[in-house]
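First up is the structure itself, then whatever we jot down about it.
The values are calculated or read from the model by the stated rules, or taken from the named source; none is laboratory data. What you are looking at is a predicted structure, and each value in this text was computed from that prediction instead of being measured. Quick reminder, even Gly has a Cβ in these numbers, built from the backbone with ideal geometry, and neighbours come from all protein chains shown.
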């Protein structure tokens, strides 16, 4: 993903599928592999 709302992948693994393909997009942490929202805006304090 590219663009102003895409960020570098995070180091922690996805709790659902176990992949490390997590990115923060618009104050949500999303798994790029299974598309699970791991953390929402409220979880991130934003």
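Odds and ends about this structure:
- Failed criterion for residue 46 (all others in (1) modelled with pLDDT under 90; (2) part of a strand (DSSP E or B) hold): (2)
- For the stretch 11-36, a residue qualifies if it is surrounded by fewer than 12 Cβ atoms within 10 Å (Cβ to Cβ) and not in a loop (DSSP other than H, G, I, E, B), but none of them does.
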